[in-house]
Number of protein chains: 2
Amino acid sequence: VICNILCVGTELLLGQIVDTNSSFIAEQLADAGIESYEQRTVGDNPQRIAHVLTSMLGSADAVIVTGGLGPTHDDITREVVAEMMGVELHVDENVMTHMKSIFERRNKDMPESNMRQAMVPEGATVIMNALGTAPGLICPVADKFVYLTPGVPHEMKPMVTESIIDHITKQQSDQHVIVTRTLKSWGLSESELADMLADFVEEGESGSVKIGFLARGINGIYIKLSTSAPTHKDAEILIEPVEIRILEMLADHIYATDDETMETIVIDLLQKRSLKLAIAESLTGGMISSRLVDPAGASDVLLGCVVAYDPAVKNNVLEVKVEDVYSDECAQQMADGVRKHLGADIAISTTGVAGPGPDDGHPQGEVFIGISTKEKTFSQQLRLGGDRQRVREYATISAMNLLRQFLLNSEVASS
Amino acid sequence: VICNILCVGTELLLGQIVDTNSSFIAEQLADAGIESYEQRTVGDNPQRIAHVLTSMLGSADAVIVTGGLGPTHDDITREVVAEMMGVELHVDENVMTHMKSIFERRNKDMPESNMRQAMVPEGATVIMNALGTAPGLICPVADKFVYLTPGVPHEMKPMVTESIIDHITKQQSDQHVIVTRTLKSWGLSESELADMLADFVEEGESGSVKIGFLARGINGIYIKLSTSAPTHKDAEILIEPVEIRILEMLADHIYATDDETMETIVIDLLQKRSLKLAIAESLTGGMISSRLVDPAGASDVLLGCVVAYDPAVKNNVLEVKVEDVYSDECAQQMADGVRKHLGADIAISTTGVAGPGPDDGHPQGEVFIGISTKEKTFSQQLRLGGDRQRVREYATISAMNLLRQFLLNSEVASS
């Protein structure tokens, strides 16, 4: 099965937004072993949408279309596809009920214009939208399928992963199962990773398991394993020994696997050790804290955070004594201070120069991370590249990674 | 002149990277008044590149191609286009000299494979690459043009802005300029906005100015105005009265224009009033703080933030007395508490249920935002939809928006 991707939206042709939908969908297709040869983007123009979609269906078995399902007059994907199907649109009562309940919950009247979003082509299957009004639609066009999803990424994503990929896979005659594993690394470059795995790969020890590297910016470098077999179990038997060997070779450079994130891993380690965490942030401005509250278990282990952006807050609230706020001492005193202030077992801190430009004789990207427990206080100095935003993001993940490695390798007493 | 965009790269079809080149190029084209109707992406396959490029030249005057100019065997854009031009490739001595000097600077021998990057189709014009090895190429194909650039964004960008846009503009007989304006709204749905502007739009008061809506998730809904005219000044004369009328109709639902963000607007308002801000966050976990430190001027007005995730921190650090942490009283006491604790003029706070699911009899998405000054403390209750992450993101922007509206409409004494 070949499934291509079409994005609809004049705002894309005008360069007003970056299209992240195509890469998301493409990755899901690739992981499911579905081939994809082309991505196209057109504006909100019915003739062009119809023309491009017809052309795309000529060389593919299915097309996933994102965008153009909104309530306004320029959202016309639904109508164009109904015409290609040669059918009328009708009101879907389930969608209408769902939409009304959304507006009721918001204590608002449903505007007339939203009615259009409940219109469904005859013969199309509705994919309910738990996170918004416009449903997804599975539309048979001759012997092929057009899948319509909203352009809003968080509404589109569950439709693709939970409904559309399954529906495409069921059309495949060759029912091979693809199993993938993503090992997430932090702290090594792509070429360092490749060197560490070179012997293993070159001697063919990975067998039919393909190994690829994906640079993921602030999430580090992902090592992607994939293999296919007639059944899920067969594929697991192929991939498991390769995964185990790579985890042995890369040790604690791998911080997480598949859906795990740096946040879930850190929260999990704290939970297992019954430790309460406090955070003190300067240049990261609350980014560590706002990422660590992401996993649902965060409230068991995270007491809170003091963002000491102003030096006076460092001195008065965190009892920082050292004058140079860009120093190991400051990071350590911040960590000690916030641990005591919030009554935590362990604390982590950041200070440094986000930029733009150097400050007070310290270069942009000079960052200090502190860790404090009752038994031990220490810090790490980093020199990070990139602009203001990037320095902060790298400092955030570096701090979480230092905390992770410390928790893995040390005993910390809980109160 | 119509100029479309083609990205070449199998990594794009596999979803391994997000394509940011198309939106960059599209924006440059739009700003120069060059029409663009389609963006396409294909893999590193010579037949498919040739097929798609031929098809694209059928409906456009020019195509900008990014990617496939690297030194490896799967980089074949150059060869495909030479064949379409019906010419041979030859070594360009200037490019060869430039490439050799790059390797000399790096103290490395130039690998044999890089030689390919100095190969130029007969009749093509070279665009030198100051930041890398592969040059850009302006390739005449019959009476049209194909522009080749590397896929690496920072090498591609100067070629587009400094050479390619100029070259396309010179082909135009009709020199139209497009002017756009983005008005960013928060608090109203797309259909509510459409209803509010319906009479204005239907009675043709917007004239030749097109009005579109862009749903931007946590950034609200953007209202995009665009118009074209022979000169920039003419276009401004058309767009300005429409912008003013819409700002009147939507009043303070519009929080920012064009490159301004909620963060820059809030920081700017605080700066103008010489006010120091403190933040107390519960469910948002530091997200308000980490967004408000984004503008470079943040350090002038933001003292810091206490993330009081654990109720004990609310009681001990922020002196919250009320038992129900999901209440107006709690939000108000948090705001009062952090304002005093950090010595600020004004403070903002958040508490509520991020989820998953209800807590302590309060439904997911129930959120309270508090604001405190020396003269006045008040709060606002919201009911937000979506999952845990979305509730927090909406609470964050809602809090910043409440602060913005309060600062616009109230006098606050600075210390």
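The values are calculated or read from the model by the stated rules, or taken from the named source; none is laboratory data. On a predicted model such as this, the values are computed, not experimentally measured, just so you know. No Cβ is skipped: glycine too gets one built from the backbone with ideal geometry, and neighbour counts run over all protein chains shown. Side chains included, ligands, DNA and RNA excluded: accessible areas come from the protein's heavy atoms. Shrake-Rupley method; radii C 1.70, N 1.55, O 1.52, S 1.80 Å.
Computed about its Cα centre, the charge dipole of the protein assembly as shown is approximately 1540 debye, with only Lys, Arg, Asp and Glu carrying charge at their Cβ. For the protein assembly as shown, what percent of Cα pairs sit more than 47 Å apart? More than 47 Å apart: 27 percent of the Cα pairs in the protein assembly as shown.
To the nearest 10, the accessible area of B:M119 is 50 Å² with a 1.4 Å probe. Measuring r between the beta carbons of B:T257 and A:T161 and using R0 = 35 Å, the FRET efficiency lands at 0.45. Using Cβ point charges alone (K and R +1, D and E -1), the dipole size of chain A about the Cα centre works out to roughly 860 debye.
Mean sequence separation of contacting Cα pairs (under 8 Å, at least six apart), scaled by the length of chain B, corresponds to a relative contact order of 10 percent.
Note on the stretch B:257-415: antiparallel DSSP beta bridges, both residues inside, total approximately 60 percent of the bridges counted. When you restrict to C-alpha pairs under 8 Å that are six or more residues apart and normalise by the size of the stretch A:33-171, the relative contact order lands at 25 percent. Mean separation of Cα pairs under 8 Å and 6 or more residues apart, divided by the residue count, gives the stretch B:259-319 a relative contact order of 38 percent.
With 10 Å bins beginning at zero, the pair-distance distribution over Cα atoms of chain A amounts to 4, 18, 21, 21, 20, 12, 3, 0 %.
Largest GNM mean-square fluctuation across B:V65, B:V367, B:V322, computed for chain B with C-alpha springs under 10 Å, falls on B:V322. Would you mind classifying the stretch A:230-315 by shape? Square roots of the alpha carbon gyration tensor eigenvalues, ordered a ≥ b ≥ c; an a/c under 1.5 is rounded, otherwise it is prolate if a/b is larger than b/c and oblate if not. It is prolate, given that a/c is not under 1.5 and a/b is the larger ratio. Compared with its chain on its own, the stretch A:100-115 contains the following residues whose accessible area drops by 40 Å² or more in the full protein assembly (probe 1.4 Å; ligands, DNA and RNA excluded): A:R105, A:K108, A:P111.
When the Cα positions of B:T180, B:I165, B:A194 are compared along the charge dipole of the stretch B:154-196, B:I165 comes out farthest toward the positive end, with charges on each C-beta of Lys, Arg, Asp and Glu.
Using alpha carbon centroids, what distance separates the stretch B:354-415 and the stretch A:6-39, in Å? Their Cα centres are 35 Å away from one another.
Between the stretch B:202-231 and the stretch B:238-311, the alpha-carbon centres lie 24 Å apart. Based on DSSP H segments of at least four residues, each scored -39500 (n - 2.57), chain B has a per-residue ellipticity at 222 nm of -11500 deg cm²/dmol. The calculated pair-distance distribution of the stretch A:114-259 uses every alpha carbon pair, bins of 10 angstrom beginning at 0, and gives 10, 29, 24, 22, 12, 3, 0 percent. List residues of the stretch B:151-175, by number, whose backbone nitrogen lies under 12 Å from a label position 7 Å along Cα→C-beta of B:E35. Output list for this probe position: B:174. As a test question: what accessible area, to the nearest 10 Å², does B:H253 have when a 1.4 Å probe is rolled over all protein chains in place? Its heavy atoms expose roughly 60 Å² to the probe. Considering all different alpha carbon pairs of the stretch B:355-406, the Kirkwood hydrodynamic radius works out to 11.8 Å. Oblate is the label for the stretch B:168-235, because the ratio a/c of its alpha-carbon gyration tensor axes (a ≥ b ≥ c) is 1.5 or higher and a/b is not greater than b/c.
Modelled spin-label separation between B:H232 and A:H51, with each label point placed 7 Å from Cα along the Cα-to-Cβ direction: 3.2 nm.
Accessible surface computed residue by residue for chain B, with neighbouring protein chains in place and a 1.4 Å probe, gives 41 Å² per residue. All Cα-Cα separations within the stretch B:27-89 were binned at 10 Å from zero, giving a P(r) of 18, 49, 27, 5, each value a whole percent of the pairs.
Would you mind listing the distances between the B:Q389 label point and the same position in each other copy? Use 7 Å along Cα-to-C-beta, nm, one decimal, shortest first. Ordered by increasing distance: 1.7 nm. Taking the empirical scaling 2.2 N^0.38 Å for compact globular proteins as reference, the stretch B:141-191 has a Cα radius of gyration ratio of 1.78.
Anisotropy class assigned to the stretch A:295-350 is prolate, per the alpha carbon gyration tensor with a/c at or over the 1.5 cut-off and a/b larger than b/c. With only the Cα atoms considered, the stretch A:1-142 has a convex hull volume of 121 Å³ per residue. Comparing A:K224, A:K210, A:K170 in a Gaussian network model of chain A where C-alpha atoms under 10 Å apart are linked, the largest mean-square fluctuation is found at A:K170.
In whole angstrom, the stretch A:194-347 maps to an equivalent ellipsoid with semi-axes of 42, 18, 12, each derived as √(5λ) from the alpha carbon gyration tensor and ordered largest first. Neighbours of A:T396, meaning other residues whose beta-carbon lies under 11 angstrom from its beta-carbon, give a summed charge of 0 when Lys and Arg score +1 and Asp and Glu score -1. Taking the dipole about the Cα centre of the protein assembly as shown, with the C-beta of Lys and Arg at +1 and of Asp and Glu at -1, give me whichever of B:I244, A:I221, B:A308 is farthest to the positive side. Going by the charge dipole, the pick is B:A308. With the simple model of a label 7 Å out from the Cα in the direction of the Cβ, A:H176 to B:T169 spans 5.1 nm. Assuming charge only on the beta carbon of Lys and Arg (+1) and of Asp and Glu (-1), the dipole of the stretch B:48-191 about its Cα centre is about 540 debye to the nearest 20. Across all directions, the average projected area of the convex hull around the alpha carbons of the stretch B:13-58 is 3.8 nm². Just to confirm the numbers: A:F378, label point 7 angstrom along the Cα-Cβ line, distances to the other copies in nm, shortest first? For A:F378, the inter-copy label distances come out at 5.3 nm. Distances from B:L131 to itself in the other copies, using label points 7 Å out along the Cα-Cβ axis, amount to 3.2 nm in increasing order. In the protein assembly as shown, a dipole from Cβ-located charges (positive for Lys and Arg, negative for Asp and Glu) runs towards its positive end, and of B:I17, A:H341, A:L89 it is A:H341 whose Cα lies farthest in that direction.
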